[in-house]
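The structure under discussion appears below in the form of structure tokens.
What follows draws every value from the coordinates through simple rules; no lab data is involved. The shown structure was predicted, so the numbers you read here are calculated from the model rather than taken from an experiment. Positions of Cβ are backbone-derived with ideal geometry, glycine not excepted, and every protein chain shown enters the neighbour counts.
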Amino acid sequence: MMRGPRFFNVRATLAVVWVSMAAMVSAQQLPVTSLPLDHAFDAHPAAAADSAIRVSIWQRSPWTGVPSAPRTTALALTSPTGSKSLAWGARFWSDVAGPTRMAGVHAVLAYSTRWTDDLKLSFGLGLGWMQFSVDGTRIELETAGDPTIGDTYRAIGVPDASAGLWIQGKQLTAAFSAGQVLGGNLPVYDGTGVESRLESHLRAMVAYRFESGGLGWTPILQAQHLRPVPPELSASLRVDKNQDFWGMVGVRSAGAAHLGAGIRLNNELSFSYNRNWATGALARVLGGGHEVVLAFTVPR
């Protein structure tokens, strides 16, 4: 069993490890953002259809103060091509939770067309590679050399694909996408009888900006679903001044709330920050977290 403040027998220890693996491959949804307008490409591949070259860094630490809490970091780049209809994007990301880790690279090609005079409709298709790993050297067992876990580092890589659409107008922004659409098994521990299977993620987002009293008011709704986890919904309100300064507040159905602000300088550099809190019974265990986006638009 693990040493320190937690005392489990070997069976319970194995359960902890397999819960971690299940969290990555069959129950854990891809990271949920509370800043969907600031780095949309991380969730929706068709958002690569931008008219400018854009670089962004996103980091999310949802459970501050919790040992081995998950931490997500992503670097993304989107750019137009020589064609008015085509754009591309690429992202590199890592998600660490205790002895488990997901990492990957993803490349996207997006095609855009005018739906109406105001709305642009874009389709995106992405391909990439994901690696899942468990570091057995970070797990202290009472019985050394356990044949199931072992004092080793185990990793497996699989191809990845995503697809979606993006609708962009002066006031409306909407998206729908599917991630991990190739699925597949991850035989990290051969011969254990435990199957780790990737499930497709479905995501949707809609935002509409109203102007009133010299301010912009943007309600944002998001939804995400992954079998067998119940669908998760989130709602937030973003208030901006000429889109140069903004603040926002929101809640998630999974039991969380967030409050944040952002600034844009010279239409090139933007910084957004959100402070998240777990609500209900989870608040005593998980506490709060942080989410930050730093983005730069290359002048043209």
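Observations
- Take 217-230, 93-106 and order them by the average number of nearby Cβ atoms within 10 Å per residue, most first; the result is 93-106, 217-230.
- Net charge, Ala48 excluded, C-beta distance under 10 Å - Lys, Arg +1, Asp, Glu -1: +1
- Remark on Arg275: its backbone amide H falls under 5 Å from those of Leu259, Gly260, a criterion applied only to residues 5 or more positions apart or on other chains, H modelled at 1.01 Å from N.
- Residue-wise HN-Hα coupling along the stretch 237-245, computed from phi with Karplus coefficients 6.51, -1.76, 1.60 (Hz; x: Gly, Pro): 10, 10, 10, 10, 10, 6, 6, 9, 9
- In sequence order, calculated HN-Hα J values of the stretch 73-87 (Karplus, 6.51, -1.76, 1.60; Hz; x Gly/Pro): 9, 9, 10, 10, 9, 10, 7, x, 10, x, 9, 5, 9, 10, 9
- Taking amide H positions as modeled 1.01 Å from N, with prolines and chain starts lacking one, the residues under 5 Å from Asp160 and 5 or more places away or on another chain are Gly128, Trp129, Met130.
- The Cβ shell under 10 Å around Trp217 holds other residues with a net charge of 0, Lys and Arg each +1, Asp and Glu each -1.
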